[in-house]
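Asker: Here it is: the structure, laid out below.
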Amino acid sequence: MNCPPIIAKPVETGCCCARIVRFNALRSLSLRRRIHSSLFLDSTRLKGKSLLTIRLRSNVLTFLSLSAVALIALALHQNQKLQPVEGLVLRAFVPAQTMFSHLGQSIQDTLDTAHELRSLQAENQRLRQQTNDLLLSKVHLAEVEQQNLQLRELLDFKQKNPDYTVQLAEVIGRSTPATVIGRDPSNLVQSLLLNQGTADGVRQGQAVVTARGLVGRITEADLNWSKVLLLTDSNSRVNGLLQSSRATGIVAGRQGKLYLRYVPQGEEIVPNDIVVTSGLGGYLPKGLVIGQVQNVQQRDVDMFQEAEIRSFVDFSRLELVIVLQDFTPLQVQP
């Protein structure tokens, strides 16, 4: 029986030696690097200290040199040895000094101008605000003056007609002649709305006037408002009287104008004569001014003559009116 030969495995001594050699080489390399880094750092520190020492010495030498030069110049200046040199230096620097002086003055002037501009702008704003305030005050005073003028006219009417009991009012919310608060938008009906109603004693049929003459009559009255039918309305009819001839007629509105109609042919109508209410029919008090005769229209074939009347009242600018309350109409005309 043949047995297989036993082969002895060699010990891997060569591999271990190689590893040891490599390890020692790496340690030597690392050691050399550390030594080189330490030497480099030491060299850098030495160089830094050397540079700092050199700079410090240089600064000290410069300071000492400048101090010596300054002391020598001071000594020479006191002994008047540097006057020629100083004259040359001054002559050399005079143009530059003049230029810098002008430049500084220009800069200062610019800054002063900017400051003055800001001050002027602020002053302009203040004056503008003051002007606006004065304008508003002027407008307010003008409005107050207009209201006072109207009130004086209404007061004058009351003084000239002491027998009338009147209802005075101002703007809505204040008590004193009734104030117009609206107009009828219809072109067919010319009327006004007043802020006085039955709570203030206003009744249907009462006359509405201003200091310049008759305005119309109350046609509707509620608790706090009332409606006035103007004389110029086509539905308005008022008995009129010519002040000079005492002839009577009917004052009617037509296309925004007033006409005295149904005056007999034998009666004389004189231009510029005054037309007042006649009081006939008991609808309105007698003697209220209606207007002035402008044009007379007379034809022989007609039974009556008529005249155009110009009212003293500007119906488009009514603000304050008076409601006459002491006169009770007998009935209300349609």
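The values are calculated or read from the model by the stated rules, or taken from the named source; none is laboratory data. A quick note: this is a predicted structure, and the numbers were derived from the prediction, not measured. Glycine gets a Cβ as well: all are built from the backbone with ideal geometry, and neighbour counts include every protein chain shown.
Asker: Residues Pro285, Pro271: which one is in a loop (DSSP other than H, G, I, E, B), touching a Phe, Trp or Tyr at 6+ places or on another chain (Cβ under 8 Å) and not aliphatic (A, V, I, L, M)?
Answerer: On the way: Pro271 fails: touching a Phe, Trp or Tyr at 6+ places or on another chain (Cβ under 8 Å).
Among Pro285, Pro271, only Pro285 is in a loop (DSSP other than H, G, I, E, B), touching a Phe, Trp or Tyr at 6+ places or on another chain (Cβ under 8 Å) and not aliphatic (A, V, I, L, M).
Asker: Considering region 250-268 alone, what residues qualify as being at positive phi and in a strand (DSSP E or B)?
Answerer: Keep residues of region 250-268 that are at positive phi, which gives 255-256, 262.
Across region 250-268, the qualifying residue is only Tyr262.
Asker: Can you say whether Ser119 is surrounded by fewer than 14 Cβ atoms within 10 Å (Cβ to Cβ) and modelled with pLDDT under 80, as far as the supplied structure shows?
Answerer: Working: surrounded by fewer than 14 Cβ atoms within 10 Å (Cβ to Cβ): yes; modelled with pLDDT under 80: no.
No: the conditions fail for Ser119.
Asker: Among the candidates Leu103, Leu151, which residue alone is at pLDDT below 85 and under 30 Å from Thr210 (Cβ atoms)?
Answerer: On the way: Leu103 fails: under 30 Å from Thr210 (Cβ atoms).
After ruling out the rest, the residue left standing is Leu151.
Asker: When residues of region 231-247 are filtered for being part of a strand (DSSP E or B) and at pLDDT below 90, how many remain?
Answerer: Taking region 231-247 as the starting set, the residues that turn out to be part of a strand (DSSP E or B) are 237-242.
After this cut, where a residue has to be at pLDDT below 90 as well, the list is none.
Qualifying residue count for the region: 0.
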